[in-house]
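Visitor: The structure's right below; bear with me while I get my questions together.
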Amino acid sequence: MGDHDAAEPCLDPALAMRASAIAERAPVPQRMDEGAFCSIFEEMGPHLRSYIRRVSGDAALADDILQETFYRFLRADLPAMEKFQIKAYLYRTASSLMSDHWRRLKRERRWSLERLFRRETDEKTERGDEVISVFRQLKSQEQTLLWLAYVEGFDHREIAVALGLKEKSVRVLLFRARKKIAAMLGEQGAVPREGI
């Protein structure tokens, strides 16, 4: 994988520590020694982390996904690959891990939201029940948009990343969801039509 001296450590101490930690967790295939892995990690790791960081908006998550990506690379029984193939494999793996993370987060939030509304249904007044009932009539995406924006306090960019949408689309979809729930609540007399 290049003329990297096997005895020479990665130049960046932080990268060297991450590479060593990953290599300790995963059995390194015979065809790749520590020097070759360190070279790949040093060359592709910073760019891959930058990509993950930009997409996720979260430095800690970027570190976790970067580590898991290289861990899976080491554990995979892959044929010998050129550098461009390794790079494509790493980016594809990181993208898949980010998608899995957002799906899991979305499921957890939806589950928390359902629990919250079930609990609130038992505790709230009739007017609160009407609002919850109307909220449940919205499409799943509309519920999620409204929840992330007004309960979790996410800005448009954060919502876009979390839901895999474009930021401009979030603005439009959120506007429509707000307008729809206001109209539905107005029809039921729960709030004035201008109330949201």
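The values are calculated or read from the model by the stated rules, or taken from the named source; none is laboratory data. Everything quoted here is computed from the prediction, not taken from an experiment. Positions of Cβ are backbone-derived with ideal geometry, glycine not excepted, and every protein chain shown enters the neighbour counts.
Visitor: For residue 81, indicate whether it is under 30 Å from residue 49 (Cα atoms) and either surrounded by fewer than 16 Cβ atoms within 10 Å (Cβ to Cβ) or at pLDDT below 85 (or both).
Guide: On the way: under 30 Å from residue 49 (Cα atoms): yes; either surrounded by fewer than 16 Cβ atoms within 10 Å (Cβ to Cβ) or at pLDDT below 85 (or both): yes.
Judged against the criteria, residue 81 is a match.
Visitor: Taking residue 32 and the conditions (1) over 23 Å from the mean Cα position of the chain (by Cα); (2) hydrophobic (A, V, I, L, M, F, W, C); (3) modelled with pLDDT of 85 or more, which numbered condition does it fall short on, given that it satisfies the others?
Guide: Of the numbered conditions (1) over 23 Å from the mean Cα position of the chain (by Cα); (2) hydrophobic (A, V, I, L, M, F, W, C); (3) modelled with pLDDT of 85 or more, the odd one out for residue 32 is (3).
Visitor: Moving on to the next point. Taking residue 92 as the residue in question, decide whether it is of a type in the set (D, E, K, R), surrounded by fewer than 13 Cβ atoms within 10 Å (Cβ to Cβ) and modelled with pLDDT under 85. Give the steps one after another, and end with the answer.
Guide: On the way: of a type in the set (D, E, K, R): yes; surrounded by fewer than 13 Cβ atoms within 10 Å (Cβ to Cβ): yes; modelled with pLDDT under 85: no.
No, not satisfied.
Visitor: How many residues does region 57-73 contain that are surrounded by fewer than 20 Cβ atoms within 10 Å (Cβ to Cβ) and part of a helix (DSSP H, G or I)?
Guide: Taking region 57-73 first, the residues surrounded by fewer than 20 Cβ atoms within 10 Å (Cβ to Cβ) are 57-61, 63-64, 67-68, 71-72.
Filter once more, so that each one left must be part of a helix (DSSP H, G or I): 59-61, 63-64, 67-68, 71-72.
Counting residues in region 57-73 that are surrounded by fewer than 20 Cβ atoms within 10 Å (Cβ to Cβ) and part of a helix (DSSP H, G or I) gives 9.
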